[in-house]
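Q: The structure follows.
The values are calculated or read from the model by the stated rules, or taken from the named source; none is laboratory data. For clarity, every value in this text was computed on a predicted model and none was experimentally measured. Cβ placement follows ideal geometry from the backbone for every residue including glycine, while neighbour counts extend to all protein chains displayed. Please note that ligands, DNA and RNA were not included when accessible areas were found on the heavy atoms of the full protein model with its side chains. Shrake-Rupley method; radii C 1.70, N 1.55, O 1.52, S 1.80 Å.
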Amino acid sequence: MTTTVLVLGAGFGGLELSSRLAQELGDQVEVTLIDRADAFVFGFSKLDVMFGKRTLDAVRLPYREITTPHVRFLQETITAIDPDARRVTTDRGTHGADILVVALGAEYDVEATPGLAEAGHEFYSVAGAEALRELLPAFRSGTAIVGVCGAPFKCPPAPSETAFLLDELLRAHGVRDDVRIQVVIPFGKPVPPSPATSEAILGRFAERGIEFVPDRRVAALDPATREAILDDGTRLPFDLFLGIPVHRAPAVAVASGMTEGGWIPVDKQTLATRFPGVYAVGDVTSVGTPKAGVFAEGAARVVADQLIARIRGENEPPGYDGTGACWMEFGDQQVARIDVDFFSTPGHPTGTFTPPSDRIAAEKVEFGVSRRARWFGRGAG
Ligand SMILES: Cc1cc2nc3c(=O)[nH]c(=O)nc-3n(C[C@H](O)[C@H](O)[C@H](O)COP(=O)(O)OP(=O)(O)OC[C@H]3O[C@@H](n4cnc5c(N)ncnc54)[C@H](O)[C@@H]3O)c2cc1C
């Protein structure tokens, strides 16, 4: 008997889930994977594009290259989800399955920050990163703010990485002394679960003359005065604002009635939602891990392994452990690694820091290469 699985969203979570199910189960499963986009782009590749290190063409992974048997990719926009019936409506039709997995990620609410669209730039979307790639080379003096407009946001180290990469770019252009860089983050430390990581970042900020504004969120930009208005009313003048916009679950997930407090609640161990046969993984959930690809992927593996065990009649595999490793750019091709554990001590995530080295930089490259191979059947490149 063939189990049908409908996967909504072909990001980290959806791609990992689809490829693992198909590779392990063969013709015991038929996966339909739906995404409105025509290509996947790693989150970290957006920084490469923004800072002119790689072209968009070089980092796009077109979904048409998915050749995994038993995975059918459909480029369609999901317009409604009925979790009771495990059916979805798209701009092209309707689809149903035995198992439904929601992996729709988080989207950006630029309008939630007044002035951001007029006076600032977001770099979290591919389009935003592309636009900045054209603008950044012309930025030669003044104040640059890397500012977070709301939490939770994807990849908590990304604002700090952006500041390091901007510092590197400005040094390469010989104009670093003419630019002030400030980083506004709504946490007391850059990466709260890992004090050693935060210490390393703050140490490098001090060396590089990057100013850290902790415990503050950018609430609005004033386009007339070109000031960032923080959540305590402080005004910071800027010439260039690089913003992390407010995140929210995609509207179609909210309209489905699956969300509570903005995100889809799931069982922490199994990623099951309250709807029978319906799971949710990754950024769209409130599972309690950061919004990052490695966590979306880890959660997807757990769902896949449960389904594989059930279909094969094997014992239930271990539940989700809430651990993950992130690689972090320190500029000048230096990459460090952060290992975090969100579930072992409830309410007290812990993390370890491995300082930048060539070995860690090679690990990050290997991370991307292995996913390209697993999800798209691609070799190195
Ligand atoms: C600048 C930046 C740097 C980052 N760096 C890292 C990093 O170094 N390491 C790391 O682990 N994470 C990193 N991330 C975070 C990472 O990209 C996300 O957390 C991850 O992609 C989440 O995976 P997901 O599967 O939950 O959602 P996504 O990968 O966002 O996938 C969701 C998919 O759903 C699709 N979708 C949404 N709505 C619809 C709809 N209505 N119809 C059809 N399709 C729809 C979208 O097109 C998308 O492809 C970074 C993010 C950014 C922005």
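Q: Going by a ≥ b ≥ c, the root eigenvalues of the Cα gyration tensor, does the range 40-152 fall in the rounded group (a/c under 1.5), the prolate group (a/b larger than b/c) or the oblate group? Present the calculation step by step, with values, prior to reporting the outcome.
A: Numbers: a/c = 3.23, a/b = 1.74, b/c = 1.86.
It comes out oblate by the Cα gyration axes.
Q: Between ALA131 and ALA58, what's the calculated FRET efficiency when r is the beta-carbon distance and R0 is 25 Å? Round to 0.05. Before the final figure, lay out each step's value.
A: Values: r = 18 Å, r/R0 = 0.71.
Calculated value: 0.90.
Q: Here's something else I'd like to know. Only helical DSSP H runs with n ≥ 4 go in: add -39500 (n - 2.57) per run for the chain, normalise by residue count and round the 222 nm mean residue ellipticity to 500 deg cm²/dmol.
A: Helix-only estimate at 222 nm: -9000 deg cm²/dmol.
Q: Here is a further query. Binning at 10 Å from 0, report for the range 278-381 what percent of all alpha-carbon pair distances ends up in each bin.
A: Histogram of Cα-Cα distances, whole percents per bin: 13, 34, 37, 14, 2, 0.
Q: Give me the tail of P(r) for the range 80-125 as a percent: Cα-Cα pairs with distance above 12 Å.
A: Details: 735 of 1035 pairs.
Of all Cα-Cα distances in the range 80-125, 71 percent exceed 12 Å.
Q: State the extension gain, in nm to one decimal, for the chain segment bounded by SER141 and ALA37, taking 0.36 nm per residue of separation less the distance between their alpha-carbons.
A: Working: separation 104, 0.36 × 104 = 37.44 nm, distance 3.67 nm.
Extra length from SER141 to ALA37 when fully extended: 33.8 nm.
Q: Identify all lysines with a Cα-Cα distance to LYS154 below 17 Å; exclude those on the same chain that are fewer than 8 residues away in sequence.
A: In chain and number order, the partners are LYS46, LYS189, LYS291.
Q: Using θ = phi - 60° and the Karplus form 6.51 cos²θ - 1.76 cosθ + 1.60, what ³J(HN,Hα) does each residue of the range 241-250 get, whole Hz, x for Gly and Pro?
A: Values per residue, Gly and Pro as x: 10, 9, x, 9, x, 4, 9, 8, 5, x Hz.
Q: When the Karplus curve 6.51 cos²θ - 1.76 cosθ + 1.60 is applied with θ = phi - 60°, which whole-Hz ³J(HN,Hα) does each residue of the range 148-153 get, with x for Gly and Pro?
A: For the range 148-153, the Karplus-derived couplings read 8, 9, x, 10, x, 9 Hz, x marking Gly and Pro.
Q: Quick one: angle between helix 126-135 and the longest Cα principal axis of the chain, in degrees between 0 and 90, rounded to 10, please.
A: Helix 126-135 and the main axis of the chain meet at about 20 degrees.
Q: Leaving ligands, DNA and RNA out of it, report the carbon-plus-sulfur percent of the accessible area of the range 239-324 at a 1.4 Å probe.
A: 50
Q: Let me ask something additional. If amide hydrogens are placed 1.01 Å from N in the peptide plane, which non-local residues have theirs closer than 5 Å to the one on PHE73?
A: LEU33
Q: Give me, ordered by chain and number, the residues 5 or more places off ARG54 or on other chains with an amide H under 5 Å from its own placed amide H.
A: VAL49
Q: In the P(r) worked out for the range 280-334, what percent of Cα pairs fall beyond 16 Å?
A: The proportion of pairs with Cα distances above 16 Å equals 51 percent.
Q: Quick one: Kirkwood hydrodynamic radius for the range 116-192, alpha-carbon pairs, angstrom, one decimal? Intermediate results must be reported in sequence, preceding the final value.
A: Numbers: mean 1/r = 0.0748 Å⁻¹.
Computed over the range 116-192, the radius equals 13.4 Å.
Q: Using a 10 angstrom cutoff on alpha carbons, build the Gaussian network for the chain and name the most mobile of ALA300, ALA224, ALA39.
A: So, out of ALA300, ALA224, ALA39, the one fluctuating most is ALA224.
Q: Give the carbon-plus-sulfur fraction of the accessible surface of the range 1-127 in %, rounded to a whole number; probe 1.4 Å, heavy atoms of protein chains only.
A: 45
Q: Counting DSSP beta bridges in the chain, what percent are antiparallel, to the nearest 5? Don't skip to the answer; put the middle values down first.
A: Values: 34 of 70 bridges.
So the antiparallel bridges in the chain amount to around 50 percent.
Q: Taking only Cα atoms, what is the 0 to 90° angle, nearest 10, from helix 358-376's long axis to the longest principal axis of the chain?
A: Computed tilt is about 40 degrees.
Q: Same structure, new question: Once each part is reduced to its C-alpha centroid, what is the distance from the range 79-144 to the range 154-229 in angstrom?
A: What the calculation gives is 23 Å, centre to centre.
Q: On average, how much accessible surface per residue is there in the chain, in Å², for a 1.4 Å probe, leaving out ligands, DNA and RNA?
A: For the chain, the per-residue accessible area is 41 Å².
Q: I would also like to ask the following. In terms of modelled amide H atoms, which long-range or inter-chain residues lie less than 5 Å from the amide H of THR270?
A: TYR320
Q: Let me ask you something else. Diagonalise the Cα gyration tensor of the range 210-298 and give the resulting equivalent ellipsoid semi-axes, square root of 5 times each eigenvalue, largest first, whole Å.
A: 35, 15, 11
Q: If I take R0 = 35 Å and measure r between the Cβ atoms of THR225 and VAL175 in this structure, what FRET efficiency does the formula 1/(1 + (r/R0)^6) give, to the nearest 0.05?
A: Computed FRET efficiency for THR225 and VAL175: 0.90.
Q: Moving to a separate point now. Size of the chain along its principal axes in angstrom, Cα-based, largest extent first?
A: 67, 43, 42
Q: Using only the Cα atoms, work out Rg/Rh for the range 182-243, with Rh taken as the Kirkwood radius, to two decimals.
A: 1.02
Q: In addition: How large is ³J(HN,Hα) for each residue in the range 210-222, as worked out from phi by the Karplus curve 6.51 cos²θ - 1.76 cosθ + 1.60 (θ = phi - 60°), to whole Hz, x for Gly and Pro?
A: 9, 8, 10, 10, x, 6, 10, 10, 7, 8, 6, 10, 9
Q: Which angle between 0 and 90 degrees, to the nearest 10, do you get for helix 12-25 versus the longest principal axis of the chain when only C-alpha atoms count?
A: 30
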